[in-house]
Amino acid sequence: MWPPGVAENKTTSHTEAKNKRRKRTIVRALGTTCLIGLLGLVACGPATPPARHTQRLTIAWIPKALNNPVFELGRAGAVQRAAELTAAGPVEVQVLVYGSVASDAAEQARVVEDVIARGVDAIAISCNDPTACVDPINKAVEAGVPVMTWDSDSPESWRFTYLGVDNYQGGKTAAQLLVRAMGLTGQVALLTGVPGAYNLEQRVQGFTDGLVAYPGIQIVTTVACNDDINLGVQVVEEVMQSHPELKGWFFVGMWPLFAERGSMPLWEAAAREGRVKTVAFDTLPVELDYLKEGYLSGLIGQKYWGWGYDSVQIVYEHIIQSKTFAPFTDSGMDIVTPANVQVMIDAWKQNDFSRSLPDPFPTP
Amino acid sequence: MTVPTAPPSKLTFTFPWQTLIRRQEFGIALFLFSLVIILSLRTDTFLTSTNLFNVLRASSWIAIAAFGEAITIIAGGIDLSVGSVMALAGLVTGLALRAGWGVPLSIGAGLATGMLAGLINGVLISRGRLPSFIVTLGMLSAARGVAFGLTSGEPVRDLPTDFVRLGQNNLALGRWEVPLPVIVMLTLAAFTWLVLSRTVFGGRIYALGSSETATWRAGINVGGLKVIVYVLSGVLAAAGGVVMTARLGVAAPTAAGGYELDIIAAAMVGGVSLLGGEGTMWGVLLGAVTMQVLRNGLVLLGLPTYWQVVAIGVVIIAAIALDRWRASRA
């Protein structure tokens, strides 16, 4: 019957692909060595010694979209790790960034196909859609190009690992941060983006479960803003009106915080006076400013920079050192509070996130 | 040849309330009024001046863009690019402000961007003889692309306070603190209403939407008229985008994504017929406000998020059905 046949096909083509890849790497390595040797023969006494790289590793790094600044940060991390690995030798690591302008699953599939046609040694991709990504990823693996996912997974595909954040755990952490800030009793509200988005639902679930242990805290409403800054600002103000007793907010994403001061007068006044405590996801500079000025009590962030830095490292270990990875690689989370916000602000200013954050709750 | 039937006599006696019902805005005004009554009874937060002005302010940029949208629909076309033009105009204004152009000039640059987008739409539609749906669909994508390209996807922030004040400050009118965007909205509503209902140009737009051939036979420059219609739509969308940018204090290339549908819905709920030749600016204003009151009400009532979207869809259809029913009766 069909399904087992297909399954069998998968395994054979998978091994075939691996063999093919190995063969190709060997051929390429031989080719490069020959070329370098030839160069050495031709150029008698070169002014500068030729690079001692015997092998080149080309990684295609594919974000969800090119129009989102957080991916720019990931790209910087990827380029930095590639430069470090190249400097350490003996492999020259090259990162090529490809992507569609806007988040679009179909467009991304085309990009992956183009990348396979161009010929790379590995792909690290953040999937626009878990299902739509399956076929392009599997095609790449069939063509002998190992693939890993980061930020957004495609669990059904043949990717060798997924580097990502545990959103459920992130939601739970947000609940703890909020309880620390507002105390054990009171009303809280949630602001989410597009209702039904998997990562956001996970955070909401984690947050809700995290509050179960605190019967004095009551979630009075959950509002959505369709990932729209303007709508986010409006609904936050509306909830501030309809729930004057509100003591806490969990912004599941950072939408309304993109707007400038003065756009949410009720929330801003309540936050300044300490009547309302807010915890939010992500750690972009705009949010860090809000936190530093006392509007926010805590932030839980993905390691955007690590999306690039760590994924290049993982691909390197997988291909060059033949290391195997579990299907899920936890990228960890940054927890930012007034205690360590300055370090994070400096990291953004210097575009260097290699230092780890100090303890968000230092013991005095 | 068939003998045309006599037009209905204008001399038949009507009760004043009959003319009232016959007015296009009546159905939607009644609907809005009942919504306001229900929300005032069910919540104690709806009928506060803060909330009402918040709702009006949130309606303002949608309404301003919808005035332009309504003009294109009345003229028998459609403009799908309004959301993208809003974002692009806001972004151009933001970039000009950051470049130190000063507030009036920067706003001028934003409006000029909308004018240019509208001009391209209009010329392609009239000279190129392309359907407005296709041309403006292309502009929807192109304008959004330019917005992304200008800033590589980054939002433009740290806008001067002189500009942000225009969107965030209020004007004291007697006892009320009226947000500036609301005043801009009302001014533009009055202006577009005057142009459409009290000028020859306005009459020609209705004529164009009712029958393009008849308008052309009457010796009117249909092509030129169409270009002006789309330029107006572009400029008004840009004005909406600039007002929204001032209110948020940030110009994001992703702003106003999908707003074309809200804007078209506001126009249609306000009694603008997709067939062309029918609709008024006051109706459009009521349509935009109704949509926001509804959305605001659903949040204040605490209806679960997932069902709010459904409720909005149902109400749009119900409001339009009610209007059609009224039109067939009157």
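The values are calculated or read from the model by the stated rules, or taken from the named source; none is laboratory data. This is a predicted model, so every value here is computed, not measured. No Cβ is skipped: glycine too gets one built from the backbone with ideal geometry, and neighbour counts run over all protein chains shown.
Data table
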quantity	calculated
From B:A255, B:A239, residue being in a helix (DSSP H, G or I) and within 19 Å of the chain's Cα centre (by Cα)	B:A239
Output for the range A:288-300, where each listed residue is under 15 Å from A:V343 (Cβ atoms) and within 13 Å of another protein chain (Cβ to nearest Cβ)	A:D289
Hits in the range B:145-166 - residues which are in contact with a helix residue (DSSP H, G or I) (Cβ under 8 Å, 6 or more places away or on another chain), at the interface with chain A (Cβ under 8 Å from one of its Cβ atoms) and surrounded by 14 or more Cβ atoms within 10 Å (Cβ to Cβ)	B:G153, B:E154, B:P155, B:R157, B:L159, B:V164
Filtered residues of the range B:74-111 (kept if in contact (Cβ under 8 Å) with a residue 40 or more places away in the chain, in a helix (DSSP H, G or I) and farther than 26 Å from A:L231 by Cα)	B:I74
The range B:54-107: number of residues that are within 20 Å of the chain's Cα centre (by Cα) and either surrounded by fewer than 24 Cβ atoms within 10 Å (Cβ to Cβ) or not polar (S, T, N, Q) (or both)	34
Unique residue being touching a Gly at 6+ places or on another chain (Cβ under 9 Å) and either modelled with pLDDT of 90 or more or of a type in the set (A, V, I, L, M) (or both) when the list is A:V101, A:V91	A:V101
Odd one out for B:G276 among (1) farther than 14 Å from B:S59 by Cβ; (2) within 14 Å of chain A (Cβ to nearest Cβ); (3) of a type in the set (G, A, S)	(2)
Counted residues, the range A:255-276 - those being in contact with a helix residue (DSSP H, G or I) (Cβ under 6 Å, 6 or more places away or on another chain) and more than 12 Å from B:V250 (Cβ to Cβ)	4
From the options B:V227, B:V299, residue that is without any contact (Cβ under 8 Å) to a residue 60 or more places away in the chain and assigned to a helix (DSSP H, G or I)	B:V299
Candidates A:V79, A:V115, filtered to the one that is touching a Phe, Trp or Tyr at 6+ places or on another chain (Cβ under 6 Å), over 18 Å from B:E154 (Cα atoms) and surrounded by 18 or more Cβ atoms within 10 Å (Cβ to Cβ)	A:V115
Some residue of the range B:304-323 being in contact (Cβ under 8 Å) with a residue 12 or more places away in the chain, within 28 Å of A:G262 (Cα to Cα) and within 13 Å of chain A (Cβ to nearest Cβ)	yes
From B:V222, B:V195, residue being surrounded by fewer than 21 Cβ atoms within 10 Å (Cβ to Cβ), away from chain A (no Cβ under 14 Å) and in contact with a Phe, Trp or Tyr (Cβ under 6 Å, 6 or more places away or on another chain)	B:V222
Segments classed as strands (runs of 3 or more DSSP E), wholly inside the range A:179-262, with at least 1 members that are in contact with a strand residue (DSSP E or B) (Cβ under 9 Å, 6 or more places away or on another chain), facing another protein chain (nearest Cβ under 8 Å) and in contact (Cβ under 8 Å) with a residue 40 or more places away in the chain	A:186-192
Subset of the range A:117-158 [hydrophobic (A, V, I, L, M, F, W, C), over 14 Å from A:L57 (Cβ atoms) and touching a Leu at 6+ places or on another chain (Cβ under 8 Å)]	A:W150
